[in-house]
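Here is the structure we will look at, set down as structure tokens.
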Amino acid sequence: MDILPFQLKTTYVSEISLSDGTVYKSAVTTREKDLYKLNVPTELSKSQDLNLSWADAANDMDLELTLVLTGRADTTNYLDVYKFKITNPLSGNYTISKSYYINRPELNQAQLTLESINTGQINKSFMNGSKIASTI
């Protein structure tokens, strides 16, 4: 499957055709603005909070930050995943408390993902909770 080059402020309509001939339509409109200039520290001490900042968010963006912490001690591998919903994207910053990693000597790597999610409408025939979304 090819990845389409989505444009800002554009509505995309998709159709899902089943073998019985039933066709379902869904639509999603991409956001008006794109996030850019995500700033994260190049190094972080476990004794410090993690401060992130970004530019040009829109007020209606749903931002979700995922923090994945990994490490190893003896023969045990560690994987902790935390998700944070950013409720004020216009602030342009977010702080993750050091309490997630300060007393965890086995953790030695962190991965951050900041996503902007825009949810569209999907045919009501699909299972409750189904959604279509554009995510960056």
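Are any of the pairs Lys25/Lys85; Lys33/Lys85; Lys37/Lys85 more than 21 Å apart by Cα-Cα distance, and if so, which?
Among Lys25/Lys85; Lys33/Lys85; Lys37/Lys85, the Cα-Cα distance tops 21 Å for Lys25/Lys85.
Determine, for Ser116, Ser14, the number of other Cβ atoms within 10 Å of each Cβ, and report the residues in order from fewest to most.
Ranked by crowding around the Cβ, least crowded first: Ser14, Ser116.
Please rank Asp20, Asp62, fewest neighbouring Cβ atoms within 10 Å first, as an exposure proxy.
Exposure proxy ranking, most exposed first: Asp20, Asp62.
Using a 10 Å cut-off around each Cβ, can you sort Leu38, Leu107, Leu44 from fewest to most neighbouring Cβ atoms?
Sorted ascending by nearby Cβ count, the order is Leu38, Leu44, Leu107.
At Ser53 and Ser14, where each label point lies 7 Å from the Cα along Cα→Cβ, what is the point-to-point distance in nanometres?
3.6 nm
Readers should treat all values here as calculations from the given coordinates under stated rules, not as data from a laboratory. Predicted model, so just to flag it, every value in this text is computed and none were measured. We place every Cβ from the backbone using ideal geometry, glycine too, and count neighbours over all the protein chains shown.
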